[in-house]
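The values are calculated or read from the model by the stated rules, or taken from the named source; none is laboratory data. In this text, all values refer to a predicted model and were calculated from it rather than measured experimentally. Cβ coordinates were reconstructed from backbone atoms using ideal geometry, including for glycine residues, and neighbour counts include every protein chain displayed. Ligands, DNA and RNA are excluded from the accessible area calculation, which covers all protein heavy atoms including side chains. Shrake-Rupley method; radii C 1.70, N 1.55, O 1.52, S 1.80 Å.
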Amino acid sequence: MSSRMTGSFQLMKSLNRSLILNTIRVNGAISRSEIAKKTKLTPPTVTNIVNELIKADLVLESRAGTSNGGRKPILLTINSNSRYIIGVDVGVKKVRLALTNLNADILKRKLVKMPDRDTLTEGSFLQFLQDIVLSFLEEVEEAKDKLIGLGVAMHGIVDHEAGTAVHAPTLKLENVPVKQVLEDHFNLPVRVENDAKALALGEKWFGAGKETDHFVCLNVGEGIGSGIILHDELFHGSDDLAGEIGHTLIDLNGPLCSCGNKGCFQMLASGHALKERARERLKEDRETLLKERAGNDLEELDGQLIYECAKDGDAVAAEILRETGEYLGIGLLNIIHFLNPRMIIVGGGVSKAGSFLMDPVHKVIKTSALSKRARNTCIVLSELDEEGSLIGACTLVLSELFSHEHSE
Ligand SMILES: [Zn+2]
């Protein structure tokens, strides 16, 4: 891959080009004169830049617009399939890869198992990442010349400017220079972000948060992470720690967390918490489908199984989901009182437990939030589902391409 590609990314990133591109993207289809009105650029500037964008194949012209009696205006749209992005979502157990177009439509996907955590080092992890991206690139050979960047969503704390995975406790990795190594190796712009933050960005661009300026997106899987969107932008805090809601303490005597503290929110309200509660319940002498279906294999006892037992009328399973939902509700209540977002989006595996889990969440908020409007805070489930962080990873590259604020 060449500097040509990096060059094409730079070409698109000048201030006015990005501004015009984004105006076309946001409006779907728009005429040159409307662009001039909205951007306050002069019509000749708009015409010049639009011509460049058409020449670069990034923008298409069509005459499908509505006319006011006269000639139909020529409308401009983004040529979504003119460029591609590779997204990588690095989870604890598996890595998802995808090739998308400029509309984040997934054109090809791949799932790879993570190497054994116990033998993983910073070096072997980077080598693994390079290998899987390389093999994916070989599979999408025909798209290579149109690639404009690589976005990586990572578990743990990520320095998003340096593109370094600073602290990934579950993988036991520290200070991994993901961006630097992948950029050197593939000669493509690389953006790296925490997975929950990437998910929030994906929801902002393509999911449930499209129309909302302030929201929090909670990723409830084995752990709990979150991304905060303020004034339409991701909020990182001073050291990329903002959103680490999973490690806020809510029970000083609670279970020990991977971070070393006791009673973290994620130890009480995540998929992990569901499993631990189920294991405790199995020690009691109560009749439950959980015992029957999981048998002696405690690994089988996951959120999905608990949900299915509850759906089939099992009281113990329903109780486990209710208790976990109450803790989840407390976490959401804290977010509401602390940040007062317009909306909270809940994603991740746990969100699939439906009303067993979400009814108690709503109940906590309805009974304990301080004001009427806070009690009515909109709580919705993620629209992007399990590929949300992956779409978010691609959005990291897209947001740079279309963002006129950060362009040179
Ligand atoms: Zn913790």
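Computed values, structure above
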{"item": "Which numbered condition Ile250 misses (of (1) over 24 Å from Met343 (Cα atoms); (2) open to solvent by less than 60 Å² (accessible area, probe 1.4 Å); (3) within 11 Å of the ligand (Cβ to nearest atom))", "result": "(1)"}
{"item": "Verdict on Ser270 being at pLDDT below 95, of a type in the set (Gly, Ala, Ser) and open to solvent by less than 20 Å² (accessible area, probe 1.4 Å)", "result": "yes"}
{"item": "Only listed residue being among the aliphatic types (A, V, I, L, M), out of contact with any Asp or Glu (no Cβ under 6 Å at 6 or more places or on another chain) and surrounded by fewer than 22 Cβ atoms within 10 Å (Cβ to Cβ), chosen from Leu218, Leu150, Leu171", "result": "Leu171"}
{"item": "Qualifying residue in region 153-166 (condition: at pLDDT below 95, touching a Ser or Thr at 6+ places or on another chain (Cβ under 8 Å), part of a loop (DSSP other than H, G, I, E, B) and not hydrophobic (A, V, I, L, M, F, W, C))", "result": "yes"}
{"item": "Region 221-247, residues that are free of Cβ contacts under 8 Å to residues at least 12 places away in the same chain and either within 16 Å of the ligand (Cβ to nearest atom) or crowded, with 16+ Cβ neighbours inside 10 Å (or both)", "result": "Phe235"}
{"item": "Selection within region 256-283 - farther than 21 Å from Val316 by Cα, touching a helix residue (DSSP H, G or I) at 6+ places or on another chain (Cβ under 7 Å) and more than 7 Å from the ligand (Cβ to nearest atom)", "result": "Phe265"}
{"item": "Tally of residues being exposed (fewer than 15 other Cβ atoms within 10 Å of the Cβ) and either modelled with pLDDT of 95 or more or in contact with a His (Cβ under 9 Å, 6 or more places away or on another chain) (or both) across region 375-394", "result": "2"}
{"item": "Close pairs (8 angstrom Cβ cut-off, 6 or more residues apart or separate chains): within 12 Å of Leu173 (Cβ to Cβ) in region 115-128, open to solvent by 50 Å² or more (accessible area, probe 1.4 Å) anywhere", "result": "Arg117/Lys172; Leu120/Lys172; Glu122/Glu174; Glu122/Asn175"}
{"item": "Filter result for the condition that a residue is open to solvent by 50 Å² or more (accessible area, probe 1.4 Å), of a type in the set (Val, Ile, Thr) and assigned to a helix (DSSP H, G or I), over Thr47, Thr23", "result": "Thr47"}
